[in-house]
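What follows is calculated from the coordinates using simple rules that are stated; it is not laboratory data. On a predicted model such as this, the values are computed, not experimentally measured, just so you know. All Cβ positions, glycine included, derive from the backbone under ideal geometry; neighbour counts span all protein chains shown.
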């Protein structure tokens, strides 16, 4: 159990276009999902916290108008990179928070590799 | 504020020998601590977690970690390394104060020598 999927797994796009990444919790409901960004050979950096039915909370330095997050249901959150530029190329990873036996654990998706040309 | 320091960016061990990946943490509250593993081009997999219960935590694939409050450490160990253990390992802290935010260490790349 506790499987999180991401789609697409990789995407190449032209500079100036927008890209949408989906994150789904397949076998549990997640009121909270998180979006991370990982540069090559670096750690994960939290971009934003996504709560179902409310606006996302962005970390300092993350442009909310550039990285649009929508948490439409208890099993789906989307991240849209608007007007993508080469510096947005990165590995984007989502996680979904699951409460089990009064303990909360984040389960991570496999990631989406974005390359902006 | 919470933070994590992974003391080694790269660790190499021979197959069959013990593994030690070091992690020190800083937290204002009673923390939860995690170790995640990331294989190349894959997502993160939870190895184990500490949430204020037993200080010695056993995880998957033979890994375990010991929470030492006096040393603010949460080192990851395995008695005998396997080739499949080669991966990137992240130590992660979360403060137990209604705050689900995870703070990641910089990672330790584990290489297994045949």
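Rg over Rh for chain B works out to 0.96, using Cα positions for both radii and the Kirkwood form for Rh. Available extension along the chain between residue A:115 and residue A:100 is 1.8 nm, counting 0.36 nm per residue and deducting the alpha carbon span.
In this label model, residue B:113 and residue B:71 are separated by 2.4 nm, measuring between points 7 Å along each Cα→Cβ vector. Cα-based values for region A:68-117, radius of gyration first and Dmax second, are 13.8, 46 Å. Expressed per residue, the C-alpha convex hull volume of region B:51-114 stands at 111 Å³. Pairwise Cα distances in the protein assembly as shown exceed 26 Å for 38 percent of all pairs. Remark: A:47, B:83, A:33 ranked as B:83, A:47, A:33, counting other beta-carbon atoms within 10 Å and listing the fewest first. The mean sequence distance of close C-alpha pairs (under 8 Å, at least 6 residues apart), as a share of the length of region A:42-83, puts its relative contact order at 32 percent.
Shown here is the pair-distance distribution of region A:1-82: with all Cα-Cα distances grouped in 5 Å bins from zero up to the longest one, the shares run 3, 14, 23, 25, 21, 10, 3, 0 percent.
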